[in-house]
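Student: Mind looking over this structure? Questions follow.
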Amino acid sequence: MAPRLDLAVIGGTGLYRLAELQDVETQQPDTRFGAPSGPVRIGTLHGRRVAFLARHGEGHSIPPHRINYRANLAALQALGARRVLALNTVGGITERFGPRVLACPDQLIDYTWGRVSTLCEEPGTEVVHIDFGEPYDRALRRELLAAAAKAGVPVVDGGCYGATQGPRLETRAEIARLRRDGCDLVGMTGMPEAALARELGLEYACLAIVANWAAGAGPDPDEVITLQDVLDNVTAATATLPGLLAAL
Ligand code: HPA
């Protein structure tokens, strides 16, 4: 058994390292589902054992629909993780979720397709129907929000994450539909990760980083979303992340 990790962090677009990790050792375990997106970096953060994995690979080379979500989570679990904080770069749809906002969603809607979204794929595996009414772990969400309050980092409590297929961004009509469905945020990697984490018995919560207004959702409906804007906003929004993680 691997020694326990206090926290595992999965980084999304624009988040490829946790610079504050100290005494880092690198592992790349193979799992029964294949290889994770890249090396898992395990180190010390304020006296705690913390692991970090870049979801898209360290050079951002794996598109959302090709990520081996099962291998990523199984690798973190094999390395001793019980709790996983997912950092997801997203677009904002509703008023409270403009660029550079941090949010801890409490619901999601899955619009992805064709992704391996369960552990029960192999013939002969017992099928499980996990309860997913509350898709994120309640206790971890609370702790994250309490840590944010302690660190003085504004984080919106709640919101519905719409998981789209990508890798293209959405049309304005698609975002209008997501809004009608009740989504506040849109991203491409929230699912199947959250469901697989629940199947694996991991405590899992999402910290969403709003990088842009989703198509047609902002004050300028004709705005074109550029990768540079996305990355600039992620960099600005995550300046507070070290303080938040320290408090957590
Ligand atoms: N849509 C989907 N995923 C995203 C977006 C978006 O507008 N911005 C960052 N990730």
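Student: Of the numbered conditions (1) more than 12 Å from the ligand (Cβ to nearest atom); (2) surrounded by fewer than 16 Cβ atoms within 10 Å (Cβ to Cβ); (3) modelled with pLDDT of 95 or more, L144 fails exactly one; give the number of that condition.
Tutor: All conditions pass for L144, except number (2).
Student: Taking R66 and the conditions (1) surrounded by fewer than 23 Cβ atoms within 10 Å (Cβ to Cβ); (2) within 16 Å of the ligand (Cβ to nearest atom); (3) in contact (Cβ under 8 Å) with a residue 12 or more places away in the chain, which numbered condition does it fall short on, given that it satisfies the others?
Tutor: Only one criterion is unmet by R66, namely (3).
Student: Among (1) of a type in the set (K, R); (2) in contact with a Gly (Cβ under 6 Å, 6 or more places away or on another chain); (3) in contact (Cβ under 8 Å) with a residue 60 or more places away in the chain, there is one condition R172 misses while meeting the rest; what is its number?
Tutor: Of (1) of a type in the set (K, R); (2) in contact with a Gly (Cβ under 6 Å, 6 or more places away or on another chain); (3) in contact (Cβ under 8 Å) with a residue 60 or more places away in the chain, only one is false for R172: (3).
Student: Do you know which of the residues in segment 200-224 that are of a type in the set (D, E, K, R) and surrounded by fewer than 19 Cβ atoms within 10 Å (Cβ to Cβ) is farthest from R141 (Cα to Cα)?
Tutor: Ranking the qualifying residues of segment 200-224, first place goes to D222.
Student: For L119, only one of the following conditions fails: (1) touching a residue at least 12 places away in the same chain (Cβ under 8 Å); (2) part of a helix (DSSP H, G or I). What is its number?
Tutor: Against the list (1) touching a residue at least 12 places away in the same chain (Cβ under 8 Å); (2) part of a helix (DSSP H, G or I), L119 comes up short only on (2).
Student: Since V210 meets every condition but one in (1) of a type in the set (V, I, T); (2) out of contact with any helix residue (DSSP H, G or I) (no Cβ under 8 Å at 6 or more places or on another chain); (3) within 12 Å of the ligand (Cβ to nearest atom); (4) in contact (Cβ under 8 Å) with a residue 60 or more places away in the chain, which condition does it not meet?
Tutor: Failed condition: (2).
Student: Can you name every residue in segment 72-99 that is in a loop (DSSP other than H, G, I, E, B), within 16 Å of the ligand (Cβ to nearest atom) and crowded, with 19+ Cβ neighbours inside 10 Å?
Tutor: The answer is I93, F97, P99.
Student: Any residue that is part of a helix (DSSP H, G or I), more than 10 Å from the ligand (Cβ to nearest atom), of a type outside the set (G, A, S) and closer than 26 Å to E20 by Cα - is there at least one of those in segment 220-228?
Tutor: The answer is yes; a qualifying residue exists.
Student: What single numbered condition from (1) of a type in the set (K, R); (2) out of contact with any His (no Cβ under 7 Å at 6 or more places or on another chain); (3) surrounded by 17 or more Cβ atoms within 10 Å (Cβ to Cβ) fails to hold for R115?
Tutor: (2)
Student: Right, another one. Any idea which of Y204, Y161 is away from the ligand (no atom under 11 Å from the Cβ) and closer than 25 Å to L245 by Cβ? So that I can check it myself, show each step before the final result.
Tutor: Numbers: Y161 fails: away from the ligand (no atom under 11 Å from the Cβ).
After ruling out the rest, the residue left standing is Y204.
Student: Determine, yes or no, whether R55 is within 19 Å of the chain's Cα centre (by Cα), within 16 Å of the ligand (Cβ to nearest atom) and not aromatic (F, W, Y).
Tutor: yes
Student: Could you tell me which residue of segment 156-196 is surrounded by the most Cβ atoms within 10 Å (Cβ to Cβ), considering only residues that are outside any helix (DSSP H, G or I) and of a type in the set (A, V, I, L, M)?
Tutor: Across segment 156-196, the extreme among qualifying residues is V186.
The values are calculated or read from the model by the stated rules, or taken from the named source; none is laboratory data. Please read these numbers as outputs of a predicted model, since none were measured by experiment. Methodologically, a virtual Cβ is constructed for each residue, glycine included, from the backbone with ideal geometry; neighbour enumeration extends over all protein chains shown.
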